[in-house]
Amino acid sequence: DQQVKQNSPSLSVQEGRISILNCDYTNSMFDYFLWYKKYPAEGPTFLISISSIKDKNEDGRFTVFLNKSAKHLSLHIVPSQPGDSAVYFCAAMDGANSKLTFGKGITLSVRP
Amino acid sequence: DAMVIQNPRYQVTQFGKPVTLSCSQTLNHNVMYWYQQKSSQAPKLLFHYYDKDFNNEADTPDNFQSRRPNTSFCFLDIRSPGLGDAAMYLCATSREGDSYNEQFFGPGTRLTVL
């Protein structure tokens, strides 16, 4: 049973526009959420995270929003650039248990 | 640069022939993880080491074993690979003690079973 769901397998956006990547979770014990980015032939790299005590965290062009009541988070990339084209994984952590639970990932393509 | 290194990047083995994948790290992190990722699936945690303490996930098959001879190195042994074990194997490290520690990943080893 998937506890972290990324229901859209792919997303294509125009360069300069906003990319919105969505993630849903089912386990109410999750209290920390991370986004990882993965290029082909490389391992996932950490991008941005958010604690459950916050509803927004921003880092440059990347913002993560958390809606705890809906068990939903989203990653916004503004403006999108061709170099952002990659697979993005949503992951969640239960503070009492430092293991990560990943979603299946979403492939973002940014068109020039 | 501090990093997580996995060798080999690509491994081909025959059905039933034991194979070992290796991971090394220069980050001096005390926790090391092994994940299995099949095509279009989420990375799935197989086991992790907290220092020398081995922690197996409940649903990890007995066919998968691991060794951590020192802080820097960790090995994944697949005793009798089946066709269903073909996947990308990712090694990751983290520093326990940091609050909500992020994990640092290696590039992965893609295993093919013939």
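Numbers for the structure displayed
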{"quantity": "Charge tally in the Cβ shell below 12 Å around A:GLY83, where Lys, Arg are +1 and Asp, Glu are -1, A:GLY83 excluded", "calculated": "0"}
{"quantity": "Neighbourhood net charge (12 Å Cβ-Cβ; Lys/Arg +1, Asp/Glu -1) for B:SER22", "calculated": "+2"}
{"quantity": "Principal axis dimensions, the stretch A:4-111 - Cα atoms, whole angstrom, descending", "calculated": "40, 28, 23"}
{"quantity": "Label-zone membership for the stretch B:19-36, site B:ASN7, 7 angstrom Cα→C-beta point, backbone N under 18 Å", "calculated": "B:19-28"}
{"quantity": "Per-residue mean of C-beta atoms belonging to partner chains within 10 Å, peptide A:46-57", "calculated": "1"}
{"quantity": "Gaussian network model of chain A, springs between alpha carbon atoms under 10 Å - residue of A:GLY83, A:GLY16, A:GLY60 with greatest fluctuation", "calculated": "A:GLY60"}
{"quantity": "Chain B, Cα convex hull volume normalised per residue, Å³", "calculated": "103 Å³"}
{"quantity": "Given charges at beta-carbon only (K, R positive; D, E negative), |dipole| of the stretch A:4-111 in Debye", "calculated": "180 debye"}
{"quantity": "Whole-angstrom gap from the stretch B:9-65 to the stretch A:57-109, using each part's C-alpha centre", "calculated": "24 Å"}
{"quantity": "Solvent accessible area, Å² - A:GLU58, 1.4 Å probe, full protein context", "calculated": "110 Å²"}
{"quantity": "Loop chymotrypsin sites (Phe, Trp or Tyr not before Pro), the stretch B:5-72 (other Cβ atoms within 10 Å of the site Cβ: 16 or fewer; DSSP)", "calculated": "B:PHE15"}
{"quantity": "Residue-averaged beta-carbon neighbours from other chains (10 angstrom radius) around A:96-103", "calculated": "5"}
{"quantity": "Placed amide H near A:SER85: partners under 5 Å, 5+ positions off or other chain", "calculated": "A:VAL110"}
{"quantity": "Cα centre as origin, Lys/Arg/Asp/Glu Cβ charges: the protein assembly as shown dipole, Debye", "calculated": "500 debye"}
{"quantity": "In Hz, Karplus ³J(HN,Hα) per residue of the stretch B:64-74 (6.51, -1.76, 1.60; θ = phi - 60°; x = Gly, Pro)", "calculated": "9, 10, 9, 9, 9, x, 7, 4, 7, 10, 8"}
{"quantity": "Contact order normalised by residue count of the stretch A:37-110, Cα under 8 Å, 6+ apart, percent", "calculated": "24 percent"}
{"quantity": "Backbone HN-Hα couplings from phi across the stretch B:40-50 [Karplus 6.51/-1.76/1.60, Hz, Gly and Pro as x]", "calculated": "6, 10, 6, x, 10, 5, 8, 6, 8, 10, 9"}
{"quantity": "Relative contact order %, chain B, counting alpha carbon pairs below 8 Å whose residues are six or more apart", "calculated": "38 percent"}
{"quantity": "Calculated FRET value between B:ASN63 and B:ASN30, using beta carbons and R₀ = 30 Å, to 0.05", "calculated": "0.65"}
{"quantity": "For the protein assembly as shown, convex hull volume per residue from C-alpha positions, Å³", "calculated": "129 Å³"}
{"quantity": "Unsatisfied cross-links (Cα-Cα over 24 Å) in the set A:LYS71/B:LYS38; A:LYS38/B:LYS52; A:LYS68/B:LYS38; A:LYS104/B:LYS17; A:LYS37/B:LYS17; A:LYS71/A:LYS99", "calculated": "A:LYS71/B:LYS38; A:LYS38/B:LYS52; A:LYS68/B:LYS38; A:LYS104/B:LYS17; A:LYS37/B:LYS17"}
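The values are calculated or read from the model by the stated rules, or taken from the named source; none is laboratory data. Everything quoted here is computed from the prediction, not taken from an experiment. A quick note on method: Cβ atoms are made from the backbone with ideal geometry, for glycine too, and the neighbour counts reach across all protein chains shown. Only protein heavy atoms, including side chains, enter the accessible area calculation; ligands, DNA and RNA are left aside. Shrake-Rupley method; radii C 1.70, N 1.55, O 1.52, S 1.80 Å.
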